[in-house]
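Taking it in order: structure first as structure tokens, then the write-up.
The values are calculated or read from the model by the stated rules, or taken from the named source; none is laboratory data. Please read these numbers as outputs of a predicted model, since none were measured by experiment. Every residue, glycine as well, gets a Cβ built from its backbone with ideal geometry; the counts of neighbours run over all protein chains shown.
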Amino acid sequence: MKTEKTYAKKGHGPASFSLLYPQVSGISSNQRDLFLELSPGAMHDLGLDEIIAAFTSEREHQKEIRTLFSRLPRDPDVITYRQAVLEDLLANPDLAEKLASLLPGLIRSSTIPTAPTGK
């Protein structure tokens, strides 16, 4: 990561993590003002249906991805974190492949994660 922020505490095991939200985030998924909700027209103009279809052909998964893509975070820490995750995945194709191989199992066992609560 090119960012100098530390998002995981040293000495803690791999209990849980998110590729969408930093552990230090106090965001609750119920705080609507922290997200920009895209209108259906904006989603259409951006071609999100085609992008989402490229991820999966399963309707239930498309619905979850659409929810994720239509709620853009406003918190600069969340945006910076997501950019750093993307940079890591682009810089490490082997890591990206391994993560992609885990996705089917993750999808079967849960839904797309929501923002962590401020615990």
Residue in the range 84-92 that is of a type in the set (V, I, T), surrounded by 12 or more Cβ atoms within 10 Å (Cβ to Cβ) and more than 20 Å from I51 (Cα to Cα) present: no
Where a residue in the range 55-74 is free of Cβ contacts under 8 Å to residues at least 40 places away in the same chain and its partner, wherever it lies, is exposed (fewer than 14 other Cβ atoms within 10 Å of the Cβ) and among the charged types (D, E, K, R), with Cβ under 7 Å and at least six apart: S70/E37; R71/E37
Filter result (modelled with pLDDT of 55 or more and either basic (K, R) or touching an Asp or Glu at 6+ places or on another chain (Cβ under 7 Å) (or both)) within the range 6-23: P22
Residue match in the range 80-95 (condition: within 14 Å of the chain's Cα centre (by Cα) and of a type in the set (K, R)): yes
Residue within the range 63-72 that is at pLDDT 90 or above and among the hydroxyl-bearing types (S, T, Y) present: yes
Any hit, the range 83-94, residues being within 18 Å of Y21 (Cα to Cα) and either in contact with a strand residue (DSSP E or B) (Cβ under 7 Å, 6 or more places away or on another chain) or at pLDDT below 90 (or both): no
Qualifying residue in the range 36-53 (condition: at pLDDT 85 or above, closer than 20 Å to L99 by Cβ and out of contact with any Asp or Glu (no Cβ under 9 Å at 6 or more places or on another chain)): yes
